[in-house]
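These notes concern the structure reproduced below.
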Amino acid sequence: MGRYAFPAPALIYLLVFMVYPILYTFYLSFRGANAVNFLSGTAPFVGLDNYRAVLSSPTFVRTLVITLTFTICSLAFQHVIGFALALFFNREFPFVRLFRALLLLGWMLPAVVNASLWRWMFSGSFGVVNSLLETVGLGGLQHDWLTDPNTALGAVIVADVWVGIPFHMLLLHAGLQSLPGSVYEAARIDGASAWRQFTSITVPLMRPIMFTALLLGFVQTFKSFDIIYVMTGGGPAGATTVLPVSVYNLSFDYFQFGQGAAAANILLVIPLLLSIVYLWNRRREDAA
Amino acid sequence: MRKRWGLTAVGAVITAAYLFPVYWMVATSLKDRTDIFSSPPKWVPWPPRFDAYHSAVLDNPVMLRALGNSAIIAVGTVIMTLLLAAPAGYGMARLKLRWTGLMMLPFLVSQLVPTINLAVPLYLIFSRTGLVNTQLSLIIANTIITLPFAVILLRPFFLRVPAELEEAAATDGCGRLGAFWRIVLPIVRPGLLTVAVFAFVMTWGEFAMGLTLTTDERVQPVTVILNQFIGQYGTEWAPLMAASTIVALPIVILFVGLQRLVVGGLAAGAVKE
């Protein structure tokens, strides 16, 4: 029995500080909790009212569309660029290790620092993105990127792509390293072009690790809060209000704790379902 | 093999392009107002001016205290994470416990949980125990994020420890705890160091917990103060970039100093997925 003393403290820790809060949020989502009755614990039971209020609010659909746009665009660019870089830096040449390490920096820096520097990059007056556009003759596109509701989401996506590229590059590079070199040699002898080798050997063999990177990337990106909150606060005019920002607003700006909890549960359940489907498929593939 | 310097040149251009935003942050922090608002932009901040570092950081007690707070919170979180994760990782890797799969579940599920979902219930727990607006509350909160990551990262390190070593220790009368402490932990030291570095990096950059669980400037971490700074300073880009550079600095130092270890540890973890 003494053996169970090893994992016990960590398990109890997570039960108290993670599992209990999740269950409490579930409980709270059925209560009419607000600033008045929250701390006293006398919030009345309201059934599904909070979910109804959140789901039927006109902003919810918009929030969900913005969240998915942000997640899918950001993830797609991160993955494709990360894959391209992983392929390029998988070759052997002088200083390649140094470059690979330097390319991880954006991912390691604090999100608030990244948000702060991208605010400056995208600034309307004297921001360097505008200067670069001018330099390459696209001065007509100059813009106050973060204060225009039409471009704010795109600008935030660019910043998040920059942050997320290294994660995909790292994972996919580790995958590339584990591919058997002999298969490529055989393909070369058979006269397969580089593109043919990529589509017929690399992609099929890399599929499991690509799925892993995409799933983990989706989960991470879907719950992104820091970079958006600091860059735009969800604005202008709600143009970048993703689900996590709206959960924050409901609970910490409007003190609608019940509705905040309902929104939080919606935020949790989408990646959870996706992960279950993924694991289910993988188990079936492994069994086959 | 023939050296392929052509590829090196392309690699250098790609790397430089990727790191340009970081360069621009540092360059801006070393300029004065007229150079920042010049068109076309001044690409090299020469001669460098350090005024912004004085006004934003060195002569700013709020920022200095916040840096101290973040250091305390990050070091505290590293210690707490190691104390909890090392025995847990060992137990679930080596002790042939029943229900190991079930016990791993909370650690895996935690990756899905948005920080913001935990904020309200944690605030309630901390306010009932008198921990709101303490650094301890943020150490506890950050460990929720680092602990699962640490256990998952450490497990493969423990799995690789040769069983004969443990058996030898056990027959020498070390006992299980003695074997763990004196034989196993020294072997997995690289894993512990990787976990420590990552727990530090994650906690130093953590924002949502700090934002929601502390309201008192005297205990707030530097990320929250930097965000507040952004609101206050608006378009005073030199002090803003100076403060951002200082907040980034510990991560860059760790990254440069421990680069091989961190990249190696991460790659090992990535392949294990």
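Residue-by-condition table, conditions (1) among the hydrophobic types (A, V, I, L, M, F, W, C); (2) without any contact (Cβ under 8 Å) to a residue 60 or more places away in the chain:
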position	(1), (2)
A:Met121	yes, yes
A:Val129	yes, yes
A:Leu133	yes, yes
A:Leu141	yes, yes
A:His168	no, no
A:Thr199	no, yes
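For the range A:215-240, a residue qualifies if it is charged (D, E, K, R) and surrounded by fewer than 24 Cβ atoms within 10 Å (Cβ to Cβ), and exactly one does: A:Asp226.
Residue by residue, here is whether (1) under 19 Å from the mean Cα position of the chain (by Cα); (2) under 30 Å from B:Trp24 (Cα atoms); (3) within 12 Å of chain B (Cβ to nearest Cβ) holds:
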{"residue": "A:Phe6", "(1), (2), (3)": "no, no, yes"}
{"residue": "A:Phe26", "(1), (2), (3)": "no, no, yes"}
{"residue": "A:Ser29", "(1), (2), (3)": "no, no, yes"}
{"residue": "A:Arg62", "(1), (2), (3)": "yes, no, no"}
{"residue": "A:Gly82", "(1), (2), (3)": "yes, yes, yes"}
{"residue": "A:Pro94", "(1), (2), (3)": "no, yes, yes"}
{"residue": "A:Leu98", "(1), (2), (3)": "no, yes, yes"}
{"residue": "A:Gly106", "(1), (2), (3)": "yes, yes, yes"}
{"residue": "A:Val113", "(1), (2), (3)": "yes, yes, yes"}
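Taking helices (runs of 4 or more DSSP H) as the structural unit, those lying wholly within the range A:1-80 and holding at least 3 residues that are closer than 18 Å to B:Val120 by Cα and of a type outside the set (A, V, I, L, M) correspond to A:20-28. Residue pairs whose Cβ atoms lie under 6 Å apart, separated by 6 or more positions or on different chains, with the first residue in the range A:260-282 and surrounded by 15 or more Cβ atoms within 10 Å (Cβ to Cβ) and the second not in a helix (DSSP H, G or I), are A:Ala261/A:Ser29; A:Ala262/A:Ser29; A:Asn265/A:Ser29; A:Leu267/B:Pro114.
When you check B:Pro40 against the structure, is it open to solvent by 60 Å² or more (accessible area, probe 1.4 Å) and not in a helix (DSSP H, G or I), yes or no?
Criteria met by B:Pro40.
Given the criterion under 28 Å from A:Tyr278 (Cα atoms), modelled with pLDDT under 90 and surrounded by fewer than 21 Cβ atoms within 10 Å (Cβ to Cβ), identify the matching residue among A:Pro204, A:Pro180. Of the residues listed, the single one that is under 28 Å from A:Tyr278 (Cα atoms), modelled with pLDDT under 90 and surrounded by fewer than 21 Cβ atoms within 10 Å (Cβ to Cβ) is A:Pro180. The residue list A:Gly140, A:Gly154 contains one member that is within 27 Å of B:Ala208 (Cα to Cα), more than 10 Å from chain B (Cβ to nearest Cβ) and either surrounded by fewer than 22 Cβ atoms within 10 Å (Cβ to Cβ) or in contact with a Gly (Cβ under 7 Å, 6 or more places away or on another chain) (or both), which is A:Gly154. Quick check: is even one residue across the range B:196-219 among the aromatic types (Phe, Trp, Tyr) and either surrounded by fewer than 18 Cβ atoms within 10 Å (Cβ to Cβ) or not in a helix (DSSP H, G or I) (or both)? Within the range B:196-219, one or more residues are among the aromatic types (Phe, Trp, Tyr) and either surrounded by fewer than 18 Cβ atoms within 10 Å (Cβ to Cβ) or not in a helix (DSSP H, G or I) (or both). Counting only helices (runs of 4 or more DSSP H) that sit wholly inside the range A:174-288, those with at least 2 residues that are among the aromatic types (Phe, Trp, Tyr) and within 12 Å of chain B (Cβ to nearest Cβ) are A:203-222, A:257-287.
Matching residues to (1) of a type outside the set (S, T, N, Q); (2) at pLDDT 85 or above; (3) touching a strand residue (DSSP E or B) at 6+ places or on another chain (Cβ under 6 Å); (4) assigned by TED's automatic domain parsing to the domain that holds B:Gln259:
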site	(1), (2), (3), (4)
B:Arg155	yes, yes, no, yes
B:Thr171	no, no, no, yes
B:Arg182	yes, no, no, yes
B:Pro190	yes, yes, no, yes
B:Val195	yes, yes, no, yes
B:Phe198	yes, yes, no, yes
B:Trp204	yes, yes, no, yes
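The values are calculated or read from the model by the stated rules, or taken from the named source; none is laboratory data. Please read all numbers here as calculations on a predicted model, not as lab measurements. Methodologically, a virtual Cβ is constructed for each residue, glycine included, from the backbone with ideal geometry; neighbour enumeration extends over all protein chains shown. The accessibility values were calculated without ligands, DNA or RNA, using every heavy atom of the protein model including side chains. Shrake-Rupley method; radii C 1.70, N 1.55, O 1.52, S 1.80 Å.
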